[in-house]
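Below: the structure, in structure tokens.
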Amino acid sequence: MGELGKLHQLIIPVFGHNITINLEVVVMTWIVIALLIILGLFASYKRKILPRPIQALGELIVSMLYGLTEDAMGKELAKTYAPLICALFMFLLVSNWLGMIPHLEEPTKDLNTTLGLGIMGFFIAHYAGIRSKGFKAYIKEYFQPIFFMMPLNLIGEVAKIVSISFRLFGNIMGGSIIILVVSYLTYSLVLPPFLYGFFALFVGTIQAFVFTMLTVVYISVQVK
């Protein structure tokens, strides 16, 4: 891979196997978290009845996602899971937009990030299902409509992780590849700025919303 690639990786030996950590993705993720904390502080600083633009934007996003979560899960469960859904959407949105800043990359362009978020949503959804229905009723659903359908039902649940993770990863990575190819062909003169705006703002926003709503659906299916 070369010396430059090694600088971006941390290799940790564990029981005779090497675990490779992409330091660039870790740094970009922390940049996203730092930006969200800063935006949150600005949005909540000296809140007023007549909100400032950044406060109004924050309240609009929170109220919209809270309403969608309440429609899917009900009022009581929305109180528990709406903060998670809001945090997930904002993290994905800023992550998908981060590539517009020079020398920064989208954390969601790495499969480990999207897969980690998919696995997180999977465990939260199934924990919510067990908590809502009880362990016995939860397990019983995997044997419906006929008991030997259990393996297929399990495969279906695992397929949800693959589907939601690869969809986000493929769209963000695909957009980056298209921009790179077109930039090379046009010497970065005309189309790349438009493509950056299209893939980062439009596609990035849509994919963040789709991933978040699928997570809401997965949780609501388990709790009902």
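Any residue in the range 143-152 that is within 26 Å of Ile85 (Cβ to Cβ) and either basic (Lys, Arg) or part of a helix (DSSP H, G or I) (or both)? Don't jump to the end; show me each part of the working.
Here is the first cut: in the range 143-152, the ones within 26 Å of Ile85 (Cβ to Cβ) are none.
Checking the range 143-152: not a single residue is within 26 Å of Ile85 (Cβ to Cβ) and either basic (Lys, Arg) or part of a helix (DSSP H, G or I) (or both).
What tally of residues in the range 109-124 results from selecting those that are hydroxyl-bearing (Ser, Thr, Tyr) and either in contact with a Leu (Cβ under 6 Å, 6 or more places away or on another chain) or not in a helix (DSSP H, G or I) (or both)?
Let us first name the residues in the range 109-124 that are hydroxyl-bearing (Ser, Thr, Tyr), namely 113-114.
Those still in the list that are either in contact with a Leu (Cβ under 6 Å, 6 or more places away or on another chain) or not in a helix (DSSP H, G or I) (or both) too: 114.
The total comes to 1.
Going through the range 85-116 one residue at a time, which ones are of a type in the set (A, V, I, L, M) and touching a helix residue (DSSP H, G or I) at 6+ places or on another chain (Cβ under 7 Å)? Before the answer, list the steps.
Filtering the range 85-116 for residues of a type in the set (A, V, I, L, M) gives 85, 87-88, 90, 92-94, 98, 100-101, 104, 111, 115.
Passing the criteria: Ile85, Leu88, Met90, Leu92, Leu93, Val94, Leu98, Met100, Leu104, Leu111, Leu115.
Which pairs do you get when a residue that is under 25 Å from Thr205 (Cα atoms), found in the range 146-172, comes within reach of a residue that is aromatic (Phe, Trp, Tyr) and modelled with pLDDT of 85 or more, reach meaning Cβ atoms under 7 angstrom, with the pair 6+ apart or on two chains?
Matching pairs, first to second residue: Lys160/Phe122; Lys160/Tyr218; Ile161/Phe122; Ile164/Phe211; Leu168/Phe211.
Rundown of residues vs (1) out of contact with any Lys or Arg (no Cβ under 7 Å at 6 or more places or on another chain); (2) loosely packed, with under 13 Cβ neighbours inside 10 Å; (3) at pLDDT below 85; (4) β-branched (Val, Ile, Thr), yes/no style:
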site	(1), (2), (3), (4)
Leu168	yes, no, no, no
Ile178	yes, no, yes, yes
Ala200	yes, no, yes, no
Gln207	yes, no, no, no
Thr212	yes, no, no, yes
Thr215	yes, no, no, yes
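Kindly evaluate Ser163 against the criterion of being among the hydroxyl-bearing types (Ser, Thr, Tyr), part of a helix (DSSP H, G or I) and closer than 26 Å to Leu23 by Cβ.
On the way: among the hydroxyl-bearing types (Ser, Thr, Tyr): yes; part of a helix (DSSP H, G or I): yes; closer than 26 Å to Leu23 by Cβ: no.
Considered against the rule, which asks whether it is among the hydroxyl-bearing types (Ser, Thr, Tyr), part of a helix (DSSP H, G or I) and closer than 26 Å to Leu23 by Cβ, Ser163 comes out as no.
The values are calculated or read from the model by the stated rules, or taken from the named source; none is laboratory data. What you see is a predicted model; the values in this text were computed from it and never measured. Backbone-built Cβ (ideal geometry, glycine too); neighbour counts: all protein chains shown.
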